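The values are calculated or read from the model by the stated rules, or taken from the named source; none is laboratory data. All values reported here derive from a predicted model rather than from experimental measurement. So basically every Cβ, Gly included, is an ideal-geometry build from the backbone, and we count neighbours across all protein chains shown.
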Amino acid sequence: MRALIVDDSRFIRDYLASLLEEQGIECTGTINGQEGLDCMRRSGPYDLALVDWNMPIMGGLDFVRAVRADHGYDTMKIVMVTTEADNQFLEAALDAGANEYLMKPFDEMGLMDKLEMIGAIGD
Amino acid sequence: MQASRVILLKFLIIFPDNLSVDDLTREFLIESQEGLDRMERCLTELEDRPDDRELIADIFRSVHTIKGTTGFLGFVRLEKLAHAGENLLGLLRDGRLRATQEIISGLLALLDGLRSILDSIESDGNEGGGGDDAMIERLVVLQQTEPSNTSVQASPPQKRKKSTRKSRAKQPPAQAAETTAALAVLQSLETTIDLPANGAQDSASGGTAARSATADSTLRVDIDLLNRMMNLVGELVLTRNQILQATATDAGFALLSRRLDMVTADLRESVMKARMQPVSHVFAKFPRMVRDLSQMLNKRVVLEMEGQETELDKGLLEAIKDPLTHSVRNAIDHGIEMPEVREQSGKSPEGTLRLRAYQEGSHVLIEVSDDGGGMPVERIRDKAIERKLISREKAAQLSERELMQLIFLPGFSTAEAITNVSGRGVGMDVVRTNVEKIGGKVEIESRPGKGTTLRLRIPLTLAIIPALIVRCKSNSSSGCLQQSFALPQGALHELVHLSADEASTAIEWIENAALYRLRGKLLPLVFLDSLLGHGEGTPAHAGRSGETYIAVLNADGRHYGLVVDGLADPEEIVVKPLSSVLKQIALFSGATVLGNGEMALILDPGAIAARAGIRLAEETEDVEERRELTTGTSDEYLLIEVGVEQAALPLSDVLRIERLPRSKMERLRGRPVLRFEGTLLPVEDSAGLANGDVDGEMTVVVCRDGERHVGIAVTQVLDVAAGSTLAEAGTEAFAAGVTLLKERVTGVVNLARVPALPPMELLPSQFPEQEFAEAWQ
C-alpha cells in the first residue's frame, strides 16, 4: 500500500509518515498540491492521499478537484487534514470528492479510525 | 503546563521508536522559526504593498502552520496566541480587512510574542510563564478595525514600541537558537531526512525535489558534523603536504601524490562550500530593525540591500551578525539626520541606508553606508581627548583619517553616550575586535555632509588559510636553530630579499628604529628574532650577517616589514587553536603542522605591529612620509624636491613629514601658515605649492629652527642620504650651505630665513568648538 502525503509542513509530513509506516504503508511526501499531482503523474496512482488544506501554489481543495477530474485516480482515497480554521471549507472539499477529513491535532488512534472508516486499512 | 506534559507523555508512548517527542519538538521549532523569519520578511514588505494578497497568504500560512502543529505537542499558550493571530490574518486574507500600519505593528508584536515562546521552549522545553492576554486582546481589537480606516482604539504606537523592545531584549540571540536546533535535528539525521529521500520513492520525487528548491532540495547538516568533516579534511591536507614532500624524489609516487593533491583540494573546496551560507541569513533581519529604529527615532530611512546571495562560511556569518547589527544601529542613530535637518541641507528627508555584500578575491566585503551627515571629526577628536584616550598634542598631529580611527579605541563610547538605540554597551571597539578576531578588518570612510561607509572585510573561511612559511634563527646555547613560523598570506604584500652585503647597508637605523627604503618609501622594520627574544637587542642588528628577507605586511592599517632569516614554500595550513599559555604571548593567532611534520606557530601580523609600536598608516600609499624622523646624525640629510629644484634639510632638524590636504593651509597676511600642535607654523613655500588644487594634497616638512618650528612646503621627499658639507659655499639665497649628496651638489635650506609670523594679536581666532551632542561609538 502506498500513501501520498501532501503538506507544506515538514513536521506534519514526518509525523504522518512515521504513523503510517508503522502500519507498513509506504509514504511519499510532497509540499503542495502541484507537487502532489506531478508525483502521481510520474509514479502512478497511490492508494491513499493525506492532504493539507492551506498550501502555497496549489492548496488542498484544488488538489482534490484536479484528482477527481481524472478518472484514472478514482480508486485513490483522499483524507483532508485540516485545522479548525479550515473546517468551514470542509464541506467544499467533501463535495469535491474527498473521502474523509482528519482534524489537527490528531493522534495515532484518530488517524487509524479514519483510515478504517474509508477502508484504507482493515482492523 | 501540567496538561501539556500529560499530552506529551501520551504521545511518547504511541510514537514509533525512531521518532521521539524530542525529535518532533526540534523539527517543530526549526519549522516554526523558519516560518516566523518568513513572516518577518513578508511583514516588512507588506508595509509597502499592503494589498499584496500573496504576501498576506504567506504570512497567514506561517502562523497557520504553527497553530496547526503546536496542538500535536501540547503547547497550549503558543496555540492560543497563534490562533488569535490566525483569526486576524484570516480577515486580511479574505479581504475583509486592510493591512493598516496598526495591524502590521500588531502582527509584528505577535511575531515577537511567538518567537519568545519558541525560544523558551527551545531553552527548557516549556512555554514559559507570562500571559498573552493583552496581546490576544490587541489582536481581537484589531479585527474590529474598519477596512481602510485607521482606528485610534488600538494601543498607541508608543506603547507598542516599548513592548516590542522588551520582548526582543528578552530573546536569546536567534542564531544560537538556530544552531542548537539544527544541531539537534542532525543527531537524528536518518529519521529526519525528508520523506522523498526514502529509497523506493527516489525516482518519483527526484523532479519534485528539484523544483522546490527552497523547501526540500537542501538538507540540514549539523554544524558539529561539518566541523568534524572540516577537521578531517584539514588532517587530509596535512597528510597530503607530508606525502608531497616525502615523495618529491620518487617519480612513481609523484604521480600518485599529485592525484592525492588534486582530490584533496577538490574535497576541501566542497566541504568548505557546504559551510557557506548566503549573507541574506543575516541581512534578513535588518528590514524590521531599520523600520523599528527609524520609527523610534522619528527618522525616515529607506533600506537598500545588495548582494544578498553572496556566500560566507557559516561560522563567520554568525560572528559578523553582532558587529553588523551594531553598525546598522549606528548608521541610523548617528549617521542619518532628522528629516528636517536633511531638508535644510538640501537632501531628501528620507535617508538611505545601504547594505552591500560582495566578494573580492578571498574576502567578502560587507558595507554599511548611509547618506547622512558624515562623521564629526572634530567632535571625535575632542571626545577622545576628554576621555584621555589621546593627548591634545598628539591629536593635533593626526589626520582626519586617523581621527576617525579613534572611534575604534576601547573606551571611546561610554555610558553617557549610550542612547536607547546604539548603546548596548557595545562600542565600535567591540565591532573591530570581533571582526579582527575572525581575521577580518574594519574600514571606515566618511565625508562631511555626504555620509559614512563602514566596510567589514571578512575572509571567506578561516579553517584553512594560505600561508608563507618563514624561518627564524635562534642562537640558543644548544647552537643555531631554525624555527618555522607561518605567516598568513592575507597580510603579506610582497617579499624583499637582501643579500648578506645588502643587509648590512640597506637597513637604516634612526635611534632604535630600523627602516628600509622600499621604492623610495621608508618602511619601518620589525625583527622577528628580537621580537621573540632571540636577538641581542636591536641596534646590534645593524651588523646583521647573512641573507635577510623582509616580508612587507599590512595589518590593521599598519604597514611594516618583518625581517626573517629564511623563507620556505607557501603552504595551505590548517589553523589549530592555541593553548591559553601561548595565547597570552599575543603574537600568534594559532598553530599548525607543516608538511614536513614540524609544528609551527602562526604569526599574527596585527599583534606584532601593535607590539612593535608601528603607527597606523595614514594612507596606505603614503606610509613612509608620516614616519617621524627623530634626531638623526647631523651628517644625514633629507633630500627634498621643491618645484624643479632639489634641496636638502639636515635630518637632525626634521621633526616630521606631514602629508595634508591643501585646504588645511591657511594664509596670514598673504603668507602661508599651518596650524600645528596648537601653534601656528610659518611655511616656506617658494614654489607656490599651496596654490594648487584646493582638494589636492601637499607635503610639508616640519623642521626645528632653534626655539621655533617652521614648515617647508615640498613637491616630494626624495630620500635620506648621508652627505658631507662643503665649506664656504652658501651663495644662493635659498641655501644655508651646500652639501654633497649622492655625489651631487645640493643646497641646504636655510631655515632661519623662513620669515617669522606677524605679532600674536593679529592671529585669527581658533574655530569655535562645536557642540558635542552625540558621539560615534
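At a glance:
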item	result
Conditions (1) under 14 Å from the mean Cα position of the chain (by Cα); (2) at the interface with chain B (Cβ under 10 Å from one of its Cβ atoms); (3) within 16 Å of A:ALA3 (Cα to Cα); (4) of a type in the set (Ser, Thr, Tyr): number failed by A:THR75	(2)
Qualifying residues in the stretch B:84-105 (those that are assigned to a helix (DSSP H, G or I), under 39 Å from the mean Cα position of the chain (by Cα) and surrounded by fewer than 23 Cβ atoms within 10 Å (Cβ to Cβ)) - the one farthest from the other protein chains (Cβ to nearest Cβ)	B:GLN101
Candidate set: the stretch A:6-20, residues that are more than 7 Å from chain B (Cβ to nearest Cβ) and touching a Cys at 6+ places or on another chain (Cβ under 9 Å); chosen: the one farthest from B:PHE72 (Cα to Cα)	A:VAL6
Extreme residue, nearest to B:THR25 (Cα to Cα), among residues of the stretch A:49-58 that are surrounded by 23 or more Cβ atoms within 10 Å (Cβ to Cβ) and modelled with pLDDT of 90 or more	A:ASP52
Qualifying residue in the stretch A:89-98 (condition: assigned to a helix (DSSP H, G or I), surrounded by fewer than 18 Cβ atoms within 10 Å (Cβ to Cβ), at the interface with chain B (Cβ under 10 Å from one of its Cβ atoms) and free of Cβ contacts under 8 Å to residues at least 12 places away in the same chain)	no
Count - residues of the stretch B:62-88 that are farther than 16 Å from B:ILE30 by Cα and in contact (Cβ under 8 Å) with a residue 40 or more places away in the chain	9
Residue count, the stretch B:219-278 (criterion: assigned to a helix (DSSP H, G or I), farther than 30 Å from B:GLU27 by Cβ and either touching a His at 6+ places or on another chain (Cβ under 8 Å) or not aliphatic (A, V, I, L, M) (or both))	17
Of all residues in the stretch B:23-61 being in contact (Cβ under 8 Å) with a residue 40 or more places away in the chain and among the basic types (Lys, Arg), the one that is nearest to B:ASN126 (Cα to Cα)	B:ARG26
Options B:THR414, B:THR433, B:THR452: the member that is modelled with pLDDT of 80 or more and β-branched (Val, Ile, Thr)	B:THR452
Subset of the stretch B:683-714 (residues that are in contact with a Ser or Thr (Cβ under 6 Å, 6 or more places away or on another chain) and surrounded by fewer than 15 Cβ atoms within 10 Å (Cβ to Cβ))	B:VAL694
Among the candidates B:ARG258, B:ARG329, residue that is modelled with pLDDT under 85, among the charged types (D, E, K, R) and touching a helix residue (DSSP H, G or I) at 6+ places or on another chain (Cβ under 9 Å)	B:ARG258
Single unsatisfied condition, B:ARG669 versus (1) touching a strand residue (DSSP E or B) at 6+ places or on another chain (Cβ under 7 Å); (2) of a type in the set (Lys, Arg); (3) at pLDDT below 80	(1)
Residue that is nearest to A:LEU90 (Cα to Cα), among those in the stretch A:27-58 that are among the acidic types (Asp, Glu) and facing chain B (nearest Cβ under 9 Å)	A:ASP52
Unmet criterion (only one of (1) acidic (Asp, Glu); (2) crowded, with 18+ Cβ neighbours inside 10 Å; (3) closer than 30 Å to B:ASP222 by Cβ) for B:ASP292	(3)
